[in-house]
1. Got at least one residue in the range 202-221 being surrounded by fewer than 19 Cβ atoms within 10 Å (Cβ to Cβ) and either part of a strand (DSSP E or B) or modelled with pLDDT of 90 or more (or both)?
2. So which of Gly252, Gly192 is in contact (Cβ under 8 Å) with a residue 40 or more places away in the chain and closer than 24 Å to Ser117 by Cβ?
3. May I ask you to list pairs of residues, at least six apart or on different chains, whose Cβ atoms are under 6 Å apart, with the first in the range 18-45 being closer than 19 Å to Gly119 by Cα and the second being modelled with pLDDT under 85?
4. Tell me yes or no: at least one residue of the range 233-240 is out of contact with any helix residue (DSSP H, G or I) (no Cβ under 8 Å at 6 or more places or on another chain), hydroxyl-bearing (Ser, Thr, Tyr) and at pLDDT 90 or above.
5. Please state which one of Leu41, Leu49, Leu99, Leu36 is more than 20 Å from the chain's Cα centre (by Cα), buried (at least 18 other Cβ atoms within 10 Å of the Cβ) and at pLDDT 90 or above.
6. Filter the range 68-92 for residues that are in contact (Cβ under 8 Å) with a residue 24 or more places away in the chain, surrounded by fewer than 21 Cβ atoms within 10 Å (Cβ to Cβ), of a type outside the set (S, T, N, Q) and under 17 Å from Glu103 (Cα atoms) and give the result.
7. If you take the residues in the range 102-124 that are open to solvent by 20 Å² or more (accessible area, probe 1.4 Å) and closer than 25 Å to Ala208 by Cβ, which one is modelled with the highest pLDDT?
8. Going through the range 162-184 one residue at a time, which ones are of a type in the set (S, T, N, Q), surrounded by 18 or more Cβ atoms within 10 Å (Cβ to Cβ) and more than 15 Å from Lys200 (Cβ to Cβ)?
Amino acid sequence: MKKNSFFFIFFSLFFAFSGLFSVYAQTSEGYEKCELLKNFLHKNNISCLELPLMHASRELFPYSLKVDFDSPDEENGELYFVISMDDAVKHHTLILNILNSIEALYTRETDVHFIFSYGDNPENFADSTTSGIKSMINIMELTEKDAVVCVAFNNKINTIIPGGGGTFSPAHLISLTSNAFFESRLFYVIQGGILSPFYKKRILKENASSSAFLENSIPAIGIDFFVEQNSSADYIKKIIHFFENVSSNFSGKNYSWDRHSTVIQLGSYSLIIPEKATVTAICITILVTIFIMSFFPVLNKKEKIS
């Protein structure tokens, strides 16, 4: 019995220390990644702030980074681009070019912020115990005048994800991003399209990052960019133009949030049908149907009389 107890205690301690060592190794690697991006930005004259994570338990712990571009108007809402730390490090040259272009932009009506969030990679978002996005939601006081565009760079098709978290992205954000794709001459698709109301039923595939904001009633939308290491310079310019277009055209006004819109993509254009229009169309269809059904029997009676 004593032997069994000894082995039980030994293996319990072994697995406990193995788990702690694994977590320590991951956070150490994550901290180095954060430092790498921060030093790269500082080296290129981009000022950034460290955003501590909620579960930061020691000094050399990973963190998120925030880059601010302020505007003179303080009454409008603010625009946030949220990009995972992994994507930012992997595509650091593209990130630097985007930041430099936004800094040189003089047509911004609102403050523009870039958040490089640690622990929010799409592959491990659900299991992440140290989430930069969750910390951001808890620390920052975001309102419905603000907007969050969650961007991911991958080898998938350019995509707008207009919903998540059991709700639908605001129509003005769908229009803003789809117009930016069109103006930048980038092919894109709107995930869900005419079936977008099914986001409320959580049937369609969601973007984990934007869903976290939408669940907390913060206006957000997900964007996937097709980017490869050997992407052409012309294609990269189009992506940079997308960020410029969104930053220039976001007004930061207090829009009404229609959570029951339907999106129809017509080539490069997107048609957003609001809830009122949908309900009105259904009512008119029902009334016309009732009228036709009540009118046809009268016609049949006249034929029989004649």
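The values are calculated or read from the model by the stated rules, or taken from the named source; none is laboratory data. Computed from a predicted model, the values in this text were never measured in an experiment. Every residue, glycine as well, gets a Cβ built from its backbone with ideal geometry; the counts of neighbours run over all protein chains shown. For accessibility, only protein heavy atoms count, side chains too; no ligands or nucleic acids. Shrake-Rupley method; radii C 1.70, N 1.55, O 1.52, S 1.80 Å.
1. Checking the range 202-221: not a single residue is surrounded by fewer than 19 Cβ atoms within 10 Å (Cβ to Cβ) and either part of a strand (DSSP E or B) or modelled with pLDDT of 90 or more (or both).
2. On the way: Gly192 fails: closer than 24 Å to Ser117 by Cβ.
That would be Gly252, the only listed residue that is in contact (Cβ under 8 Å) with a residue 40 or more places away in the chain and closer than 24 Å to Ser117 by Cβ.
3. Thr27/Phe61; Tyr31/Leu60
4. From the range 233-240, those out of contact with any helix residue (DSSP H, G or I) (no Cβ under 8 Å at 6 or more places or on another chain) are 233-235, 237-238; that's our starting set.
This time we only want the ones that are hydroxyl-bearing (Ser, Thr, Tyr), so: 235.
Among the residues that remain, those that are also at pLDDT 90 or above are: 235.
The answer is yes; a qualifying residue exists.
5. On the way: Leu49 fails: buried (at least 18 other Cβ atoms within 10 Å of the Cβ); Leu99 fails: more than 20 Å from the chain's Cα centre (by Cα); Leu36 fails: buried (at least 18 other Cβ atoms within 10 Å of the Cβ).
From the options Leu41, Leu49, Leu99, Leu36, the qualifying one is Leu41.
6. Hits for the range 68-92 are Asp68, Phe69, Asp70, Asp73, His92.
7. Once the filter is applied, the top-ranked residue is Tyr118.
8. Thr177, Ser178, Ser184
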